[in-house]
Each structure stands twice: as structure tokens, then as C-alpha cells.
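Read through the structure below, which is laid out as C-alpha cells, and then see the notes.
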Amino acid sequence: MLKSTKRSAVLTLLGALFLSACGGGNEQTGATDLYGAYDVIEGGMSEVQVKAVIGAEPQRRQADGDKAHILTWETDANTYRHTTLLVTLHDEDGVTRKIVTGYRGNQSQSF
């Protein structure tokens with residue numbers, strides 16, 4: 001029983017560390033790793049799940065038709081590490097597309 005409790009505590013700690021590496025912190029200082037968040041975000045995720053991965057509210061939210069929105073996060077503005085992450089969320093289907101652009105190149109994926 002004690003081993004199970006320790007294992008749960010270790011897994012919880014590792015999960016928190018992973019999420020903090022992918023997100024959290026102040027977007028203005030570039031503490032959020034948007035490339036890491038891009039790798040974790042999957043098709044069908046809800047807006048709540050995406051925000052939990054990134055650890056911050058989006059800086060912009062734009063309508064994309066009647067039932068979808070494009071959420072935008074940016075870090076390290078005005079530096080060589082400037083990075084932008086766009087996530088398209090459909091009201092019923094969750095994440096349908098993700099795009100990251102910046103100093104490590106551009107990547108996109110549709111679901």
C-alpha cells in the first residue's frame with residue numbers, strides 16, 4: 001500500500017514538472033515553451049485541455065466561421081526566439097488544427 005502511494009506521488013510530481021516545462025509562466029518573458037506545447041496538443045482536445053498544456057490564456061481569440069475559433073499564443077516578442085502557436089478549436093470536435101512558427105522552424109498539423 002505504501003509503495004502505491006509513493007508511486008502516485010512520484011507520478012503526480014513528474015506530471016506537474018512535464019506540464020510546467022510545456023507551459024506556465026509569463027508569456028511576456030518567453031517562459032512558455034510553445035514548441036513543447038505543440039508536440040503535446042492532439043486532435044480533439046478541448047479548449048480547457050489546451051490551456052492546461054500551455055499554462056496560459058491565449059493572447060488572441062478570433063472566430064473562424066460559425067462554430068470554430070483560432071486561439072493564438074506568442075512568446076519572446078521582439079527577440080530571435082519569437083514564437084507563435086495557433087490552435088483551431090471547433091465547438092463540437094475540439095482541436096482540428098495546430099500551427100507553430102518561430103526560430104525552430106514552422107510546423108502544422110490538421111486533424
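The values are calculated or read from the model by the stated rules, or taken from the named source; none is laboratory data. Treat the numbers as computed from the prediction; the structure is a model and nothing was measured. Here Cβ is always computed from backbone atoms with ideal geometry, including for glycine, and neighbour counts include all displayed protein chains. The area values use the complete protein model at the heavy-atom level, side chains included, leaving out ligands, DNA and RNA. Shrake-Rupley method; radii C 1.70, N 1.55, O 1.52, S 1.80 Å.
Accessible area per residue, 1.4 Å probe, Å², for the stretch 33-111: what's the number? Provide the component values of the computation, followed by the final result.
Details: 4320 Å² over 79 residues.
Computed with neighbouring chains in place, this is 55 Å² per residue.
Quick check on packing: order 91-97, 72-78, 60-66 by the mean number of other C-beta atoms within 10 Å, highest mean leading. Mind dumping the intermediate values first?
Values: 91-97: 15.0, 72-78: 17.3, 60-66: 10.6.
Averaged packing, sorted descending, gives the order 72-78, 91-97, 60-66.
How long are the semi-axes of the ellipsoid equivalent to the stretch 59-111, from square roots of 5 times the Cα gyration tensor eigenvalues, in whole Å, largest first? Show your work: numbers first, answer last.
On the way: eigenvalues 108, 31, 7 Å².
In descending order, the three semi-axes are 23, 12, 6 Å.
Taking 0.36 nm per residue of separation and subtracting the Cα-Cα distance, full extension of the segment from residue 79 to residue 110 would add 8.3 nm. The portion of the accessible surface of the stretch 26-111 made up by carbon and sulfur, rounded to a whole percent, is 43 (1.4 Å probe; DNA, RNA and ligands excluded).
Here the extension length gained between residue 67 and residue 49 equals 4.7 nm, from 0.36 nm per residue of separation less the Cα-Cα distance.
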